């Protein structure tokens, strides 16, 4: 099923499934993308500012994408990201934490540059098992407008 | 070597090394974090809007972190991200593209909530092999202020 810009409504929301992060998951991501001791070295991290290993913030954003894609909220319509505003990492994510994502439509705007598309602004919150928001952001997604030929015709009652 | 808030200067900049992304790199990241056909399925992507496989935007952000950490710009001081403003994915990243990162200090602010820290705002640009900016963002990093005992004493000339 394809979703078009016209199918979105301000205020609608989706809740994702949840995922639990192991120490191994945190270290594997960080070794490749954010190789700092607070993310890769449990012993060094224990003596550091956070008192233990914490996940890279970029792993949390990537997981928020994974959980949302897997929720199927957009059907077969590709989620094309134009950008992100006001991304904030609010709490550390630690081994064993279970994360889930709430995404709400905050605004809908016709694209000025590309009339065949609309911009869906969504507010994304990642929560842990205690209900604390660990990360939040506003995501700007580009979604195709419904083609004219695809408008559902009014039903004419049979004579 | 540790770097403190007082060691940063508005206008200073760092250029990272570069990294070339293979089709396999793009698919491997996307299968785990952004499983959409435009990132995971070369045949489907060839018939899609971008005319070929493109990297997940979240892989580009993660790679910008990797390249910057590996540049060693902050010495041994952890780069603790508070957030990101105005992240924009400006151009598709395709298999074979070579990316590098320019990071410039845009502003320095004392933290009001945490007097022992300062906020280093940096402007991050990821460029491809043609010099096109494929992604840009403003990163807000929390950096410890120099401890009082650590202030370099003025040299008293020997009598």
Cα-Cα separations in the protein assembly as shown greater than 27 Å, expressed as whole percent: 48 percent
Copies compared at residue A:86 - label distances in nm, ascending, label defined 7 Å from Cα in the Cβ direction: 1.7
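Note down the Stokes-Einstein diffusion coefficient of region A:48-104 in µm²/s, whole number, using a Kirkwood radius over alpha carbon pairs, 25 °C, and 0.890 mPa s. Kindly include the intermediate steps, with their values, before the conclusion.
On the way: Rh = 13.3 Å.
The calculation lands on 184 µm²/s.
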Angle between chain A longest axis and helix A:57-71 axis [Cα atoms, degrees, rounded to 10]: 40 degrees
Rounded to 10°, Cα long-axis angle of helix B:23-33 versus longest principal axis of chain B: 80 degrees
Size-normalised alpha-carbon gyration radius of region B:85-137, reference 2.2 N^0.38 Å: 1.49
Compactness of region A:1-156, expressed as Rg and Dmax over alpha-carbon positions, Å: 18.7, 73
Nearest-first distances (nm) between copies at residue A:4, label 7 Å from Cα via Cβ: 6.2
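What FRET efficiency, computed as 1/(1 + (r/R0)^6) with R0 = 35 Å and r the Cβ-Cβ distance, is obtained for residue A:104 and residue B:146, rounded to the nearest 0.05? Each step should come with its number before you reach the end.
Numbers: r = 42 Å, r/R0 = 1.21.
Result of the calculation: an efficiency of 0.25.
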Label 7 Å beyond Cα on the Cβ vector: residue A:17 copy-to-copy distances, nm: 3.7
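Read-outs: derived from the displayed coordinates by stated rules, not from any lab. Source: prediction; values computed, not measured. Please note: Cβ atoms are built from the backbone with ideal geometry, for glycine as well, and neighbour counts cover all protein chains shown.
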